[in-house]
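The values are calculated or read from the model by the stated rules, or taken from the named source; none is laboratory data. Small disclaimer: the values here were computed from a predicted structure and weren't measured. Backbone-built Cβ (ideal geometry, glycine too); neighbour counts: all protein chains shown. Only protein heavy atoms, including side chains, enter the accessible area calculation; ligands, DNA and RNA are left aside. Shrake-Rupley method; radii C 1.70, N 1.55, O 1.52, S 1.80 Å.
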Amino acid sequence: MNVLAWNCQGLGSPGKIQFLQEVTRCEKPAFVFLCETVSSYENIEKLCGKLKFDGFIAVDPQRKSGGIALFWKIAGAVNIMSLSTSHIDVTISRPGSSDWRLTGIYGEPARSQRFKTWELLKNLSRDANLPWCLVGDFNNVISQAEKRGGPSYPDHLIEGFKDCLHEANLQDLEIIGHQFTWERGRTTDHWTEIKLDRVLANPQWLSIFDMAKVYNLEISPSDHTPLLLCPEMQTREIE
């Protein structure tokens, strides 16, 4: 039941499709959430076939930017609850296992609009009767330690995000591996790294999946690296 989450920053190049095929072949996720696909519904449908997934849901980009998609391998186990340009919310059912909720998030990229992401999370939390897990690019940090290089992150955005997580009763899961998921300017004096991508969960989800691990896969043709969530205990070799 592993979940792969990646801000791919567009799927227009064959190299990114090949990378995604290789990652899904090696890691075998049951779910893949992509944001900034910059791809039409028809192209996402074709990608679903290439990745050999059973089903998908996608939201088209707006004005040649954005776009999100969720793929799954468990036919009939996914119920779509809600979606927008910023999120896809589903419930997952499997015989012999507890139902739970998975939400893919693409946070507002504009800092002046970041409050919209916080309001979305708080609104979604009001329906959080199930164990709930969220993955994706939240476009925000929880502390100054989640940014290296460049100017300090605006304190009001940090506090706004922290207040949102507190109100929504969500906990940030520790990442195993490199602690930053986005970078720009490598090999220059302006090299900046930030933890923008993450996994969040409510206490009910954490009580069921108390051995859950989140891995930074670290290699990527995008500015963002993929995250792999392994809810159930297993071993994974870290290169």
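Output the residue which, of all residues in the range 42-60 that are more than 23 Å from Glu22 (Cβ to Cβ) and either among the charged types (D, E, K, R) or at pLDDT below 95 (or both), is most open to solvent (accessible area, probe 1.4 Å). Even if it seems obvious, please write down each step before you answer.
Keep residues of the range 42-60 that are more than 23 Å from Glu22 (Cβ to Cβ), which gives 42, 57, 59-60.
Next, only the ones that are either among the charged types (D, E, K, R) or at pLDDT below 95 (or both) stay: 42, 60.
Working: Glu42: 107, Asp60: 71 Å².
Per the stated criteria, the residue is Glu42.
Rundown of residues vs (1) of a type in the set (Lys, Arg); (2) crowded, with 18+ Cβ neighbours inside 10 Å; (3) at pLDDT below 95; (4) within 19 Å of Gly66 (Cα to Cα), yes/no style:
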{"position": "Met1", "(1), (2), (3), (4)": "no, yes, yes, no"}
{"position": "Gly12", "(1), (2), (3), (4)": "no, no, yes, yes"}
{"position": "Gln18", "(1), (2), (3), (4)": "no, no, no, no"}
{"position": "Gln21", "(1), (2), (3), (4)": "no, no, no, no"}
{"position": "Pro29", "(1), (2), (3), (4)": "no, yes, no, no"}
{"position": "Cys35", "(1), (2), (3), (4)": "no, yes, no, yes"}
{"position": "Ser40", "(1), (2), (3), (4)": "no, no, yes, yes"}
**Request:** Please name all residue pairs, on different chains or six or more residues apart, with Cβ atoms under 9 Å, provided the first residue is in the range 159-186 and is in contact (Cβ under 8 Å) with a residue 12 or more places away in the chain and the second residue is of a type in the set (Val, Ile, Thr) and exposed (fewer than 13 other Cβ atoms within 10 Å of the Cβ).
**Result:** Ile176/Ile238; Gly177/Ile238
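Results for (1) of a type in the set (A, V, I, L, M); (2) under 18 Å from Val3 (Cα atoms); (3) out of contact with any strand residue (DSSP E or B) (no Cβ under 8 Å at 6 or more places or on another chain), shown as yes or no for each residue.
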| residue | (1), (2), (3) |
| --- | --- |
| Tyr41 | no, no, no |
| Leu51 | yes, yes, no |
| Asp60 | no, no, yes |
| Ala77 | yes, yes, no |
| Val90 | yes, yes, no |
| Asp99 | no, yes, no |
| Lys122 | no, no, yes |
**Request:** Might you let me know whether the range 132-155 holds any residue that is open to solvent by 40 Å² or more (accessible area, probe 1.4 Å), at pLDDT 95 or above and on the phi > 0 side of the Ramachandran plot?
**Result:** no
**Asked** Across the range 213-233, what is the total count of residues that are under 30 Å from Gly150 (Cα atoms) and part of a strand (DSSP E or B)?
**Response** 8
**Fill in**
If we ask which residues in the range 26-40 are part of a loop (DSSP other than H, G, I, E, B) and closer than 17 Å to Leu229 by Cα, their number turns out to be 3
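Can you name the residue in the range 119-137 that is part of a helix (DSSP H, G or I) and among the charged types (D, E, K, R) and is also farthest from Lys73 (Cα to Cα) among such residues?
Start the filter on the range 119-137 by keeping residues that are part of a helix (DSSP H, G or I), which leaves 119-125.
Still in the running and among the charged types (D, E, K, R): 119, 122.
Working: Glu119: 31, Lys122: 29 Å.
Taking the candidates together, the pick is Glu119.
Yes/no matrix, rows are residues, columns are (1) farther than 17 Å from Val135 by Cα; (2) part of a helix (DSSP H, G or I):
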| residue | (1), (2) |
| --- | --- |
| Gly15 | yes, yes |
| Phe19 | yes, yes |
| Thr24 | no, yes |
| Glu42 | yes, yes |
| Lys46 | yes, yes |
| Phe53 | yes, no |
| Phe71 | no, no |
| Asp89 | no, no |
**Message:** Taking the criterion of being outside any strand (DSSP E or B), surrounded by 15 or more Cβ atoms within 10 Å (Cβ to Cβ), touching a helix residue (DSSP H, G or I) at 6+ places or on another chain (Cβ under 7 Å) and of a type in the set (S, T, N, Q), would at least one residue in the range 101-118 satisfy it?
**Reply:** no
